[in-house]
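**Student:** One structure is given below, represented as structure tokens, and several questions about it will come after.
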Amino acid sequence: MRDPLRESSTRMPVGRSGVHVQASAVRAREAYVQATHGGLAAVQRLRSMATTELRALLVDPDARGWVDYELFVEVVGLVDRCFGRGDLRLAWDAGRFAASHDVGLVRSLFVRSVSPSTMMSLAASVWSRHYDAGKLVVKPQGRTGLSIEIADFPATHRAHCLSVGGWLLGTLEQGPRKESRVEERGCRALGQPSCSFDLTWSE
């Protein structure tokens, strides 16, 4: 049976999209590997399979600022091929991990006290700190639901969309509501009109 996840390339020429992400987003995926898939030995395995550009970023402890979107796509794909099944499903898990990675005490106490709607509104407001293109559009769906769309984002890739879905879930799980759920509604990389998600939670 055709699997669109497997058909989507996880290594693209660096800089082709013209979109940039923060280096911390790339490094968070390496932190996920170290925390969940075998420590430093797993990190070394990941680095050994990276391109020259990605390896240089991962080995530099002082790496900061904007980097090419393609390096983010590459690291997510490598994580999945090295430690998953090669179908990008670990992209979701790594995004979920990244939501709580390096969250300070003050921020963690704050997010535990605010509503999911407020949390997602804050997430939308800081999108531009993580990407230099696009935005998150948040719309209410009843009392216990939201729809979220990645809008005006010129690049698209399954590795990225699944990462965002996992990050949304990880962010919700830090709040006070129980039984948080995130379901992907559409993805441009699969030929659908938008990259979007449905978020729900219990009262």
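The values are calculated or read from the model by the stated rules, or taken from the named source; none is laboratory data. Keep in mind the model is a prediction, meaning the values are calculated, not measured. Cβ sites come from the backbone with ideal geometry, for glycine too, and all protein chains shown count toward neighbours.
**Student:** Which count do you get for residues in region 128-153 that are in a helix (DSSP H, G or I) and at pLDDT 95 or above?
**Tutor:** Initial filter on region 128-153 (in a helix (DSSP H, G or I)): 128-130.
Those left that are additionally at pLDDT 95 or above: none.
Selection size over region 128-153: 0.
**Student:** Of the conditions (1) part of a helix (DSSP H, G or I); (2) within 15 Å of the chain's Cα centre (by Cα), Leu122 clears all except one; give me its number.
**Tutor:** Failed condition: (2).
**Student:** Now for a separate question. Does region 178-194 include one or more residues that are within 19 Å of Val21 (Cα to Cα), in contact with a helix residue (DSSP H, G or I) (Cβ under 9 Å, 6 or more places away or on another chain) and in a loop (DSSP other than H, G, I, E, B)?
**Tutor:** No, region 178-194 contains no residue that is within 19 Å of Val21 (Cα to Cα), in contact with a helix residue (DSSP H, G or I) (Cβ under 9 Å, 6 or more places away or on another chain) and in a loop (DSSP other than H, G, I, E, B).
**Student:** Go through (1) over 22 Å from Ala98 (Cβ atoms); (2) at pLDDT 95 or above for Arg185 and report which single condition fails.
**Tutor:** (1)
**Student:** Within region 193-203, take every residue that is surrounded by 17 or more Cβ atoms within 10 Å (Cβ to Cβ) and not aliphatic (A, V, I, L, M) and give me the one that is farthest from the chain's Cα centre (by Cα). Walk me through how you get there before you give the answer.
**Tutor:** From region 193-203, those surrounded by 17 or more Cβ atoms within 10 Å (Cβ to Cβ) are 195-197, 199-201; that's our starting set.
Those still in the list that are not aliphatic (A, V, I, L, M) too: 195-197, 200-201.
On the way: Cys195: 13, Ser196: 13, Phe197: 13, Thr200: 19, Trp201: 20 Å.
In this case the residue turns out to be Trp201.
**Student:** Can you find, within region 1-45, the residue that is modelled with the lowest pLDDT among those that are of a type in the set (Ser, Thr, Tyr) and in a helix (DSSP H, G or I)?
**Tutor:** Among those residues, the one meeting the criterion is Ser24.
**Student:** With the structure loaded, tell me whether Ala56 is farther than 16 Å from Asp80 by Cβ and buried (at least 19 other Cβ atoms within 10 Å of the Cβ) or whether it fails that test.
**Tutor:** The answer is no for Ala56.
**Student:** Return the total of residues in region 171-187 being of a type outside the set (Val, Ile, Thr) and over 12 Å from Arg112 (Cα atoms).
**Tutor:** 8
**Student:** Of Leu190, Leu146, which residue is surrounded by fewer than 19 Cβ atoms within 10 Å (Cβ to Cβ), farther than 25 Å from Trp66 by Cβ and in contact with a Pro (Cβ under 8 Å, 6 or more places away or on another chain)?
**Tutor:** Leu190
**Student:** What about Thr156, is it of a type in the set (Val, Ile, Thr) and in a loop (DSSP other than H, G, I, E, B)?
**Tutor:** Answer is yes for this residue.
**Student:** For Ser121, are the conditions met, namely being surrounded by 22 or more Cβ atoms within 10 Å (Cβ to Cβ) and modelled with pLDDT of 90 or more?
**Tutor:** For Ser121, the condition - surrounded by 22 or more Cβ atoms within 10 Å (Cβ to Cβ) and modelled with pLDDT of 90 or more - is not met.
**Student:** Moving on to the next point. Count, please, the residues in region 166-187 that happen to be crowded, with 22+ Cβ neighbours inside 10 Å and closer than 15 Å to Val137 by Cβ.
**Tutor:** Within region 166-187, residues that are crowded, with 22+ Cβ neighbours inside 10 Å and closer than 15 Å to Val137 by Cβ number 1.
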